[in-house]
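Single-structure report; data block below.
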Amino acid sequence: MLSDRIVLEIDPISGTDEMGVFVLQTDLETTDELDRSYVLSERGQYVTEAFDIAPDALTDPISSGDFGRREGYHIDGGAGTDQITISATRGAEESTQWGDGSAESDESTQYDAVPGDLDAQVDVLRHWLNETRSDSGGQTQLHIRGHTDGTYSDSAGPFSEPITVAVQSHVISKEDHAEISITLTLVRTATVPNVDDALDDVQDAVDEVVAELGEYTPDW
């Protein structure tokens with residue numbers, strides 16, 4: 001379990017063969033939000049209203065229950081967004097890993113920042129997040145609470161593995177020389193083994209639709 005910190009792992013980017021590791025633990029706050037997208041939701045009220053005007057032969061098989069005026073059917077097709085927002089600060093005195101571990105002595109690199117070098121810590125995190133593709137290719141992993149394999153704790157959590165996430169947005173601010181503030185908005189994502197092939201398939205489908213529409217577009 002991870003009860004006192006969160007760790008964001010980023011797959012190696014161009015120029016390094018090591019994974020980027022970013023530990024957030026000071027002034028740590030998290031917000032978990034689940035937004036469901038129903039196949040049928042509020043419009044299900046129209047189905048309820050149809051019971052009042054449709055022939056009994058059509059509605060009797062499914063109208064045995066009584067419905068309130070503002071009730072409707074909801075069908076959950078599994079769509080929606082499972083989002084985690086993380087905010088934390090990082091002080092000049094913190095020594096946990098902030099990059100790929102390549103920094104030596106007191107000299108930061110573009111891939112790793114040494115403790116106390118807050119300017120480099122801003123640049124390094126930005127560099128990793130800007131250079132990586134954070135999508136269903138599985139490039140970014142979040143170790144949080146029970147979602148961890150034990151790499152950064154004494155034991156694995158009940159879910160045994162980190163969450164594969166897409167980094168939707170990141171905000172880094174620095175108001176003085178004492179600390180930086182980080183806010184990450186992450187969305188849980190499924191892993192597609194061959195994401196490039198999937199993108200090619202999507203593009204092919206789009207091109208086909210565009211071509212078909214072109215046949216019905218007048219030449220003006």
Of Met19, Met1, which has the most accessible area and how do the rest follow, probe 1.4 Å? Met1, Met19
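Using a 1.4 Å probe and counting only protein heavy atoms, arrange Asp176, Asp82, Asp106 so the residue with the most accessible area comes first. Intermediate values should be presented prior to the final figure.
Numbers: Asp176 75, Asp82 50, Asp106 135 Å².
Result, largest first: Asp106, Asp176, Asp82.
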Using the Cβ atoms and a cut-off under 13 Å, what net charge is assigned to the surroundings of Thr148, where Lys and Arg are +1 and Asp and Glu are -1? -3
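The values are calculated or read from the model by the stated rules, or taken from the named source; none is laboratory data. Keep in mind it's a predicted model, so treat the numbers as computed, not measured. All Cβ positions, even for glycine, are placed from backbone atoms using ideal geometry, and neighbour counts span all protein chains on display. SASA here: full protein model, heavy atoms, side chains in, ligands and nucleic acids out. Shrake-Rupley method; radii C 1.70, N 1.55, O 1.52, S 1.80 Å.
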